[in-house]
Amino acid sequence: MPELPEVETLCRQLDGIVKGEKILRSEVLDSLLGEIPQLAGHEFLGVARRGKFIDITLVGGLTVILHLRMTGRLFYQPGQAAPPFTNIDRPLPAYSRLIIHFTGGTLFLIDPRRFATVAVRPSSGAPAPVPDPLKGIAARVFLEMARTRTIPVKSFLMDQRAIAGIGNIYASEILFSAGIDPRRTAKSLTLGEWGKVKKAVGEILRRAVACRGTTISDWRDLFGKMGKNQDNLKVYSRHGEVCRRCGGTIERIKQGGRGTWFCPACQK
Ligand SMILES: [Zn+2]
């Protein structure tokens with residue numbers, strides 16, 4: 001499942017390609033996406049991430065809002081726009097659900113499990129974003145948000161209503177980096193400990209963006225390339241292996257139905 005760094009990677013790559021380009025035609029291949037108006041004639045203004053939403057803003061006040069959910073991804077093919085895929089022999093990438101042809105190339109929404117969503121809305125109506133960890137959340141803000149939260153701190157970091165975009169891989173890595181035991185309740189962390197979490201959030205997410213995301217299974221960037229951040233993971237999926245910080249043994253537990261990896265010896 002794409003998390004914040006993966007979505008940020010797509011937004012940055014896409015923004016660099018489509019800005020100022022004109023849409024020639026849009027094709028909806030999957031009726032499960034619902035009613036999507038024809039986008040032909042619109043020009044791209046820019047692409048920005050809002051939590052894990054991808055906002056593609058068009059000149060004239062429309063925004064295409066994408067959420068990739070479980071298995072959605074975006075794929076770009078450069079080159080001249082071709083006739084509609086439905087009536088030519090050009091190979092269509094498997095699991096394509098939406099295609100946007102524009103002057104400089106073609107953008108595909110690919111999604112094997114079909115949970116991704118697309119909506120077209122007036123740009124002015126976008127909801128206010130929740131705090132974005134890539135832009136920095138102050139330790140005081142973490143402390144205040146967690147003040148009444150009795151859930152484990154790891155589940156709190158993954159609560160998308162409180163904080164946007166941190167999923168299972170990065171929550172485990174952040175708490176390892178901060179030296180915090182993921183089983184502790186969110187409200188038990190002190191201001192100083194939230195300071196360590198804040199620092200770890202920034203370092204780990206920025207590095208993951210610089211590496212174009214983490215490819216454990218099917219993540220690919222806009223150009224179909226694997227990310228490189230899997231080489232930086234210290235605890236995720238390393239149960240039974242040696243802790244690189246203290247020599248202890250990495251363990252795996254279940255929290256909220258998801259695996260959590262941590263070192264009981266050096267995460268307090
Ligand atoms: Zn350790």
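Taken as a whole, the structure leaves Trp219 outside the set of residues that are farther than 21 Å from Lys52 by Cα and buried (at least 21 other Cβ atoms within 10 Å of the Cβ).
Of a type in the set (Phe, Trp, Tyr) and over 14 Å from the mean Cα position of the chain (by Cα): does that describe Phe44? Taking the combined requirement at face value, the residue satisfies it.
Cβ separations smaller than 7 Å between residues 6+ apart or across chains give the following pairs from segment 249-268 residues that are more than 8 Å from the ligand (Cβ to nearest atom) to residues that are of a type in the set (Phe, Trp, Tyr): Glu251/Phe262; Arg252/Trp261; Trp261/Tyr236; Phe262/Phe176.
Would you confirm whether or not segment 199-209 contains a residue that is modelled with pLDDT of 95 or more, within 16 Å of the ligand (Cβ to nearest atom) and in a helix (DSSP H, G or I)? Outline the logic, then answer.
Our first condition is that a residue be modelled with pLDDT of 95 or more; within segment 199-209, this holds for 199-209.
Filter once more, so that each one left must be within 16 Å of the ligand (Cβ to nearest atom): 200.
Those still in the list that are in a helix (DSSP H, G or I) too: 200.
Yes, that holds for at least one residue.
Looking across segment 26-54, just one residue is hydroxyl-bearing (Ser, Thr, Tyr) and touching a strand residue (DSSP E or B) at 6+ places or on another chain (Cβ under 8 Å), and that is Ser26.
Residue count for segment 240-253 under the criterion of being assigned to a strand (DSSP E or B) and under 12 Å from Ser172 (Cβ atoms): the result is 3. If you check Thr63 against the conditions, is it closer than 27 Å to Ala162 by Cα, of a type in the set (S, T, N, Q) and either modelled with pLDDT under 95 or in a loop (DSSP other than H, G, I, E, B) (or both)? Criteria not met by Thr63.
Please go through segment 239-248 and pick out each residue that is within 13 Å of the ligand (Cβ to nearest atom) and on the phi > 0 side of the Ramachandran plot. Matches in segment 239-248: Gly247 only.
The values are calculated or read from the model by the stated rules, or taken from the named source; none is laboratory data. All figures in this text were calculated on a predicted structure; none of them were measured in a lab. Cβ coordinates were reconstructed from backbone atoms using ideal geometry, including for glycine residues, and neighbour counts include every protein chain displayed.
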